[in-house]
1. Scan region 38-71 for residues that are surrounded by fewer than 22 Cβ atoms within 10 Å (Cβ to Cβ) and either in a helix (DSSP H, G or I) or in contact (Cβ under 8 Å) with a residue 60 or more places away in the chain (or both) and jot them down.
2. For region 270-284, which residues satisfy the criterion of being under 20 Å from Phe123 (Cα atoms), open to solvent by 20 Å² or more (accessible area, probe 1.4 Å) and not charged (D, E, K, R)?
3. Please identify the pairs in which a residue from region 171-192 that is open to solvent by less than 100 Å² (accessible area, probe 1.4 Å) has its Cβ atom under 8 Å from the Cβ atom of a residue that is modelled with pLDDT of 80 or more and β-branched (Val, Ile, Thr), counting only partners at least 6 apart or on another chain.
4. Can you give me the number of residues within region 90-120 that are among the charged types (D, E, K, R), in a helix (DSSP H, G or I) and touching a helix residue (DSSP H, G or I) at 6+ places or on another chain (Cβ under 7 Å)?
5. Tally the residues that are open to solvent by less than 20 Å² (accessible area, probe 1.4 Å) and free of Cβ contacts under 8 Å to residues at least 40 places away in the same chain, restricting the search to region 92-110.
6. Got at least one residue in region 392-413 being in contact with a Pro (Cβ under 8 Å, 6 or more places away or on another chain), surrounded by 14 or more Cβ atoms within 10 Å (Cβ to Cβ) and modelled with pLDDT of 90 or more?
7. Cβ-Cβ distance below 7 Å, separation of 6 or more or different chains: which pairs start in region 428-455 with a residue that is of a type in the set (A, V, I, L, M) and end on one that is surrounded by fewer than 18 Cβ atoms within 10 Å (Cβ to Cβ)?
Amino acid sequence: MAGFIEGKDRRELSFLPECLDDYVAEDNPVHVVDVFIDELDLSGLGFATPAATGRPGYSPATMLKLYLYGYLNQVQSSRRLEREAGRNVELIWLTGKLAPDFKTIADFRRDNGDAIRAVCRQFVVLCRQVGLLAGGTVAVDGSRFKAVNTRDKNFTPGAIRRRVEQVQASIERYLSLLDTADRQEDEVAEMRRDRLTERLERLRQQMRDLNAMERAVEAAPDRQVSLTDPDARAMATNGKGTGLVGYNVQAAVDTKHHLVVAHEVTNVGHDRTRLASMGQQAKEATGADDLTVLADRGYFSGEEVLACDAAGIKAIVPKSLTSSGLKRGFFGKQDFVFDADRDLYVCPAGQELTRGRNRSDREGDVIFYRHLTACSTCELKPRCTPEKLRRIRRWEHEQVIDAMQARLDRMPDAMRVRRQTVEHVFGTIKDWMGRGHFLTRRLPKVGTEISLHVLAYNLKRAIAILGVPMLMKAMRA
């Protein structure tokens, strides 16, 4: 149309044809992907070497470039990657016009899980070498990601009980309708009886299936069965009263540039047992001799804090307030001041609670402190305890918890720093996934999938910080 910028004629011939390199600018992030993969020792990381006989296959470098480009651009499906490899100019440049089929692409991710995770760790090493990691403080958090398994295909004792009640109510309703139909003699009533009888039989079959599933759930180690993805588990979400079937993704993020230094995937719905493990992985990844780990209240566990202390890791985690007495208006343990020099507690009334006998329970050796006579005449007793006297429990390693609380008191903005550092990482990755579910099944394959997400996230962060030319120079060095 006249008056507008016009494109070239598709049939126009060029005397000197343009090459692929002309279509990819020098500052295009696809150059970083190309250089990073080419500089890796892929066989040393665990990728397969060429076969001695038979038809040659695709190079692991080509397949890894294809996947990394896909995860950088929110194209994670093997079928979508197959289409993009044949029409996307950047991918055509990156792979040298190679276009593997979707089965080959999917098999590469399935068969090279350990090697792909090693590549993710290798990029963290690169970030450490170029000074992108502070190494002194990391924030740890976990987030629930959906699995390919729906809630209808996940069974727990509570879910089975609710479904049995629903099926039983439906059976009773259909039986009532069938009784009504039996009292009618016309042709329409006969057809209605046949339909009701058919539906009743399906409901009875559902009840038999639920009874069989109940036995399977009781025999399962964690009393939970998922049919589509056997490793997926039902997990509660924050404050919504509902849950999802999925995995718990853990991440340790450096506070300097918000790069993920360590990650792992579990199918345990809580974070209480992951603090020491994530701290150890973060310490190895950053190489820091003195590492501080920030985590939220869900990570609080005396044993985990003790394990961090033994490994030279300074944990900062708010203590969980689980005392039922606080809800009833009684004094909490924090209202009693511990005197370490004299090994006693001072209560709000000023009385000294001395050490009693030791007791071994599920948390280890616990020491009880009490005053045998003062409680009976204390004016504050109605606000302290409904029992005969107040006892304060102290774990034998409580000094580790006290030291952590002192660190938290000296760093009042610790939880704000934690939120700013780690939470947006999960939000970004979930957005890249389209707020959907994992594409793979079983725990090892899901771990590979999240490693590709983390690698793409770290790569995009590094490009934003250093720029394409500087990052490529660092990779070649």
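1. Narrowing region 38-71 to residues surrounded by fewer than 22 Cβ atoms within 10 Å (Cβ to Cβ): 38-46, 48-59, 61-62.
Listed by number, the residues that qualify are Asp38, Glu39, Leu40, Leu42, Ser43, Gly44, Leu45, Gly46, Ala48, Ala61, Thr62.
2. Residues of region 270-284 under 20 Å from Phe123 (Cα atoms): 278-284.
Among the residues that remain, those that are also open to solvent by 20 Å² or more (accessible area, probe 1.4 Å) are: 280-281, 283-284.
Answer for region 270-284, where residues must be under 20 Å from Phe123 (Cα atoms), open to solvent by 20 Å² or more (accessible area, probe 1.4 Å) and not charged (D, E, K, R): Gln280, Gln281.
3. Listed pairs, sorted by first residue: Leu178/Thr197.
4. Here is the first cut: in region 90-120, the ones among the charged types (D, E, K, R) are 90, 97, 101, 103, 107, 109-111, 114, 117.
Then keep just the ones that are in a helix (DSSP H, G or I); that gives 90, 103, 107, 109-111, 114, 117.
Subsequent filtering for residues that are touching a helix residue (DSSP H, G or I) at 6+ places or on another chain (Cβ under 7 Å) retains 90, 109-110, 117.
Counting residues in region 90-120 that are among the charged types (D, E, K, R), in a helix (DSSP H, G or I) and touching a helix residue (DSSP H, G or I) at 6+ places or on another chain (Cβ under 7 Å) gives 4.
5. So the answer is 1.
6. Applying the first criterion (in contact with a Pro (Cβ under 8 Å, 6 or more places away or on another chain)) to region 392-413 yields 408.
Filter once more, so that each one left must be surrounded by 14 or more Cβ atoms within 10 Å (Cβ to Cβ): 408.
Imposing the further condition that a residue be modelled with pLDDT of 90 or more reduces the set to 408.
Yes.
7. So the pair list comes out as Leu439/Ser77; Leu443/Asp231.
Here's the yes/no breakdown for (1) under 38 Å from the mean Cα position of the chain (by Cα); (2) open to solvent by 40 Å² or more (accessible area, probe 1.4 Å); (3) closer than 27 Å to Leu244 by Cβ:
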position: Gly135; (1), (2), (3): yes, no, no
position: Arg144; (1), (2), (3): yes, yes, yes
position: Val167; (1), (2), (3): yes, no, yes
position: Gln206; (1), (2), (3): yes, yes, yes
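The values are calculated or read from the model by the stated rules, or taken from the named source; none is laboratory data. All values derive from a computational prediction rather than experimental measurement. Please note: Cβ atoms are built from the backbone with ideal geometry, for glycine as well, and neighbour counts cover all protein chains shown. All accessible areas refer to the heavy atoms of the entire protein, side chains included, with ligands and DNA or RNA removed. Shrake-Rupley method; radii C 1.70, N 1.55, O 1.52, S 1.80 Å.
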